[in-house]
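Each value in this text was obtained by applying a stated rule to the coordinates, not by laboratory testing. This structure is a prediction, so every number in the text was calculated from the model and none was measured. When we count neighbours, we look across all protein chains shown, and the Cβ atoms used for this are built from the backbone with ideal geometry, even at glycine.
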Amino acid sequence: MASNNPWRHMRSAGIADDIDFEIKGHELQFVEIELDPGESAVAEAGAFVWKDGTIEMTTVFGDGSEAGDNSFMGKLLGAGKRLVTGASLFTTVFTHRGIGKARVAFAAPVPGTILPLKLSDLGGTLICQKESFLAAARGVSIGIAFQRRIMTGLFGGEGFIMQKLEGDGWVFVQMGGTLVERELAPGEELHVDTGCLAAYTPSVNFDLIAAGGVKSVLFGGEGLFFARLTGPGKVWIQSLPFARLAGRVVAAAMPAGGSNRGEGSALGVLGDFIDGNR
């Protein structure tokens, strides 16, 4: 393709379909995927925007990857894993049944960034926040990643149960707000709010670190713990996780006399006692 062509193309010897794509928009983005005859894209339920008439839409149980155990119990287990991460039991497969090129588009549900990643460039696996998956080339598997440390499991918040995307093709993950990519050197540490941790490669070690002293816990509004990420590997950070956006909307919609004393802060609980609300 010519260098000025906005469509990105993948040619891989792996299991994933070859696809072309273009990310459009700024704060409210969508991805437009171009398919050759017989190629398919898989999308999260509810992400569909539009398609050409020659693209057939089929809803399937599980992730539609056609990888691993394809028995009924295998598909049931795979669908159960998706349900744990907050995703639907079903995904939608879009297959081009005509000739020439055809296009289908999927949109992120919240303001932010759609990040295209080629899993073969990341060692075949990406760990990301729950409900981050938007779409992918057919052949990408969508699973679950538990944080195994007890402390992380108890206090990890959004980072306790995450999605695990595996394969060798393109995936499109949705991130809230502005996205920052960091490359961590071996032993290098990065401290991130658990909700703002969008994704990381499996070579990165993830655990928790205390946010600070008693004063910080009670009045800082940042929660009890930070996510501590130790390299080597890549980390993606989102500036506006959906839970934070939803919290701001709910706080703004509170009736007169309500209050918002800080996200994740114990002051909110203490204030409710003072106001006589508990």
Cβ-based net charge around Pro37, under 10 Å, with every Lys or Arg adding one and every Asp or Glu removing one: 0
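Suppose the chain between Ile209 and Ser120 were pulled fully straight at 0.36 nm per residue; how much longer would it get relative to their current alpha carbon spacing? Don't skip to the answer; put the middle values down first.
Working: separation 89, 0.36 × 89 = 32.04 nm, distance 3.14 nm.
Full extension from Ile209 to Ser120 adds 28.9 nm.
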Distance violations [Cα-Cα > 23 Å] among Lys130/Lys234; Lys101/Lys164; Lys51/Lys164: Lys101/Lys164; Lys51/Lys164
Derived scalar couplings ³J(HN,Hα) [the stretch 227-232; Karplus, 6.51 cos²θ - 1.76 cosθ + 1.60; whole Hz; x for Gly, Pro]: 7, 9, 10, 10, x, x
Kirkwood hydrodynamic radius (C-alpha pairs) into Stokes-Einstein, the stretch 106-149, 10 °C and 1.306 mPa s, D in µm²/s: 129 µm²/s
Under 13 Å, Cβ to Cβ, from Glu56 - net charge with Lys/Arg +1 and Asp/Glu -1: +1
